Amino acid sequence: MDWEQHYLDNHTPWDKGAPAPPLLDWIENNPDLISGKVLVPGCGVGHDCRPIAEMTSATEVLGIDIAPEAVKRADQNAVSEKNRYELADLFHLSPEYQQSFDWVWEHTCFCAIDPSLRDEYARAVHGALRENGTLLAVFYLDPYDEEHLPGEGPPHGTSLWELSDRFVGSGCFRELESYVPDKCYPGRENLERVIRYEKV
Ligand SMILES: C[S@@+](CC[C@H](N)C(=O)[O-])C[C@H]1O[C@@H](n2cnc3c(N)ncnc32)[C@H](O)[C@@H]1O
């Protein structure tokens, strides 16, 4: 998948022009729980990074993406100095980012990578988090329609069983909460799951 070309062509159907509604809802219900340093892998143009950076409890919000054009656009809309972006690959994080984040926010990065890399994803996020750090995620469970058939993604779907196996069964995380979000982008009703994991 040539993500950069999609941004250059302005063909970014995943970009809804606004933060993920389940994230905004979660923040409203858990004010200032996200704190310290936050990593947002596959941040795109940074819609989700901005509301996190606006929380006083978050001291630094680093969005990373492998598409230079996405990072450039994200940078142009940064809300403050603590709202930073870098051109970086989650699977090759710089050593300085190992065990350095308190929280990771996941939204449509897991479903964008090839499913064969999912264990590597769990290891990368686990490695980036400090002890007892938190992975807060909205996972796209079933993104299929006439355009996106199983096996032909991205987006690649997942199941609760797979998530439990890869994140909890692997011994990397324990699950703290899991629910179907009330609020979502139009068209994603009942297709997503918010899960909060703690690093073990
Ligand atoms: C479906 S888009 C979602 C972007 C953003 N989360 C959003 O919802 O608008 C997936 C993003 O992940 C980025 N990406 C894919 N593989 C990546 C990797 N290994 N490391 C960092 N970013 C990656 C792509 O460039 C793309 O911007």
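The values are calculated or read from the model by the stated rules, or taken from the named source; none is laboratory data. Here the structure is a predicted model, which means the values were calculated and not measured. In this analysis, Cβ positions are derived from the backbone assuming ideal geometry, glycine residues included, and neighbour counts consider all displayed protein chains. Heavy atoms of the whole protein, side chains included, go into the accessibility calculation; ligands, DNA and RNA do not. Shrake-Rupley method; radii C 1.70, N 1.55, O 1.52, S 1.80 Å.
Of all beta bridges DSSP finds with both residues in the range 3-199, what is the antiparallel percent, to the nearest 5? Restricted to the range 3-199, the bridges split so that about 40 percent are antiparallel.
When a/c reaches 1.5 or more, the comparison of a/b and b/c decides; with that in mind, is the range 68-191 rounded, prolate or oblate per its Cα gyration tensor? Before the final figure, lay out the partial values.
Working: a/c = 1.56, a/b = 1.18, b/c = 1.32.
It is oblate, given that a/c is not under 1.5 and a/b is not larger than b/c.
Take the Cβ-Cβ distance between HIS92 and ASP32 as r, set R0 to 25 Å, and report the resulting FRET efficiency rounded to the nearest 0.05. Mind showing how you got there, number by number?
Values: r = 32 Å, r/R0 = 1.28.
So, using R0 = 25 Å, E works out to roughly 0.20.
Compared with the direct C-alpha span, the chain from ARG123 to MET55 gains 21.7 nm at full extension, assuming 0.36 nm per residue. For the range 142-200, a crude dipole built from +1 on the beta carbon of Lys and Arg and -1 on the beta carbon of Asp and Glu, taken about the Cα centre, is about 420 debye to the nearest 20.
What does the helix-only formula give at 222 nm for the chain: each DSSP H stretch with n ≥ 4 adding -39500 (n - 2.57), the total divided by the residues, and the result rounded to the nearest 500 deg cm²/dmol?
-5500 deg cm²/dmol
Karplus-derived 3J(HN,Hα) values for the range 142-151, using 6.51 cos²θ - 1.76 cosθ + 1.60 with θ = phi - 60°, are 10, x, 7, 8, 5, 8, 10, 9, x, x Hz; glycine and proline are entered as x.
About the centre of its Cα atoms, the chain shows a dipole size close to 560 debye [charges on the beta carbon of Lys, Arg (+1) and Asp, Glu (-1) only; nearest 20 debye].
Taking a point 7 Å from the Cα of VAL200 along the Cα-to-Cβ direction, the residues of the range 141-171 with backbone N closer than 19 Å to it are 160-171.
Explain nothing, just the number: relative contact order of the range 3-199, from Cα pairs under 8 Å at least 6 residues apart, as a whole percent.
Details: 380 pairs, mean separation 37.4, N = 197.
Over the range 3-199, the number comes to 19 percent.
How far, in nm, would the chain grow between ASP75 and GLU162 when pulled straight, counting 0.36 nm per residue and subtracting the alpha carbon separation? Intermediate values should be presented prior to the final figure.
Details: separation 87, 0.36 × 87 = 31.32 nm, distance 3.42 nm.
Additional length available on full extension: 27.9 nm.
Computed from the Cβ-Cβ distance with R0 of 30 Å, the FRET efficiency linking GLU4 to ASP25 stands at 0.45.
Accessible surface of the range 114-193, 1.4 Å probe: 46 percent of it comes from carbon and sulfur atoms.
Per residue, what accessible area does the chain have, given a 1.4 Å probe and all protein chains present, in Å²? Write down the numbers at each step before the final one.
Working: 9460 Å² over 200 residues.
Using a 1.4 Å probe on heavy atoms only, each residue of the chain averages 47 Å².
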